[in-house]
Ligand SMILES: *Cc1c(COP(=O)(O)O)cnc(C)c1O
């Protein structure tokens with residue numbers, strides 16, 4: 001079936017009109033960068049304006065009155081985030097930014113001790129995650145040369161195999177304290193089996209934490225049943241919450257009332273019923289909310305609330321179905337038209353990836369960068385990762401099948 005026909009039959013087609021699509025030369029861009037910054041829902045401005053209005057008209061009373069009292073603003077995120085992550089509502093919270101959450105959660109869940117002190121990440125991890133891991137090791141007086149395990153793809157391979165991660169976890173054995181892994185790897189687009197890898201970490205007595213920056217809003221997640229110990233994500237990629245908006249975190253229910261957990265505390269994590277009594281001693285809210293430090297920045301969170309309503313309206317299964325179809329179309333068009341010029345480094349099995357395909361241009365870094373610049377000049381928005389990778393992500397909420405077709409035709413042109 002051709003792309004125009006697929007668009008005509010797409011039950012989610014109308015959702016595109018609920019987003020602002022950036023323009024180029026008087027036309028909609030072909031925007032394939034939702035893995036990096038999701039587009040703005042048209043309803044975002046209204047959600048922000050409602051909070052500005054509450055502030056304007058109610059002042060401090062906005063904490064307790066108005067349409068969505070600020071003291072309870074975080075409550076609106078529990079159900080949609082639980083839905084997207086496959087968690088209980090008490091296991092998720094909207095707070096801080098991603099790297100901050102990784103540090104806060106490692107403060108609780110990375111507790112190295114004699115003999116068991118190693119931290120395992122993937123090689124070519126997103127720099128912030130590696131910086132966080134290395135600085136956590138140093139914070140505990142450990143030498144990253146010894147205590148950081150980085151698992152990379154086998155020589156000549158573009159992505160890691162689950163078996164390689166399993167082998168590395170087993171080899172680390174008793175010395176492993178924590179595996180910190182991505183739900184979907186940002187560069188290769190590879191999706192990992194959270195349940196299987198968590199089980200492997202647990203089998204050697206270690207914990208498993210997950211960075212879901214490229215997974216949430218992209219692939220189905222089932223954090224509770226997968227037994228993940230903790231997870232964190234940002235909300236400006238597939239979640240369309242706006243640049244730098246408030247991130248999220250998951251803490252498994254088995255830690256809900258665990259008194260042995262150390263945590264860095266703030267007043268917003270304190271028992272809600274007594275928070276405003278301003279008692280000197282910290283009594284955490286059971287569940288993920290107990291990790292909150294500060295009262296929520298509602299104006300920054302408002303666009304995310306607008307976007308989460310669109311996810312709920314579109315429905316997770318319809319979104320996932322369309323995502324699979326968009327990415328398979330992208331893969332097929334690339335294979336047919338550019339098979340010899342482009343190597344797809346993302347796994348070929350749909351279950352091992354999300355929306356994104358990462359393309360290595362066989363023309364090499366110099367010609368590749370030129371081709372990428374030509375795509376930009378033609379109104380195609382995707383991204384370039386040094387030295388020679390283009391990442392393309394058709395997202396089901398606002399991309400069309402014809403976007404995929406036009407991208408591949410434009411790339412063929414750009415490489416000519
Ligand atoms: C996008 C991304 C980040 C960004 O971190 P911030 O704290 O939101 O700036 C970190 N890690 C991964 C894996 C990412 O994909």
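The values are calculated or read from the model by the stated rules, or taken from the named source; none is laboratory data. As the structure is a computational prediction, the values presented were derived from the model and not from experiment. Neighbour counts run over all protein chains shown; Cβ positions are idealised from the backbone, glycine included.
For the structure I just gave you, tell me whether residue 231 is assigned to a loop (DSSP other than H, G, I, E, B) and in contact with a strand residue (DSSP E or B) (Cβ under 6 Å, 6 or more places away or on another chain).
Spelling it out, it is not the case that residue 231 is assigned to a loop (DSSP other than H, G, I, E, B) and in contact with a strand residue (DSSP E or B) (Cβ under 6 Å, 6 or more places away or on another chain).
Any idea which of (1) in contact with a helix residue (DSSP H, G or I) (Cβ under 7 Å, 6 or more places away or on another chain); (2) part of a helix (DSSP H, G or I) is the one residue 318 doesn't satisfy?
That leaves (1) as the condition not met.
I need the full set of residues from the range 102-130 which are within 10 Å of the ligand (Cβ to nearest atom), touching a helix residue (DSSP H, G or I) at 6+ places or on another chain (Cβ under 8 Å) and in a helix (DSSP H, G or I), in order please.
102, 103, 128, 129
Residue under question is residue 186, and the condition is that it be within 14 Å of the ligand (Cβ to nearest atom), in a helix (DSSP H, G or I) and under 25 Å from residue 223 (Cβ atoms); does it hold?
The answer is no for residue 186.
May I ask you to list the residues in the range 102-148 that are surrounded by fewer than 18 Cβ atoms within 10 Å (Cβ to Cβ), without any contact (Cβ under 8 Å) to a residue 60 or more places away in the chain and in contact with a strand residue (DSSP E or B) (Cβ under 7 Å, 6 or more places away or on another chain)?
123, 134, 148
Of the residues 176, 187, 180, which is under 18 Å from residue 354 (Cα atoms), in contact (Cβ under 8 Å) with a residue 60 or more places away in the chain and in the same structural domain as residue 101 (by TED's automatic domain parsing)?
Of the residues listed, the single one that is under 18 Å from residue 354 (Cα atoms), in contact (Cβ under 8 Å) with a residue 60 or more places away in the chain and in the same structural domain as residue 101 (by TED's automatic domain parsing) is 187.
Output yes when any residue across the range 55-73 is closer than 30 Å to residue 407 by Cα and assigned by TED's automatic domain parsing to the domain that holds residue 209, and no when none is.
No.
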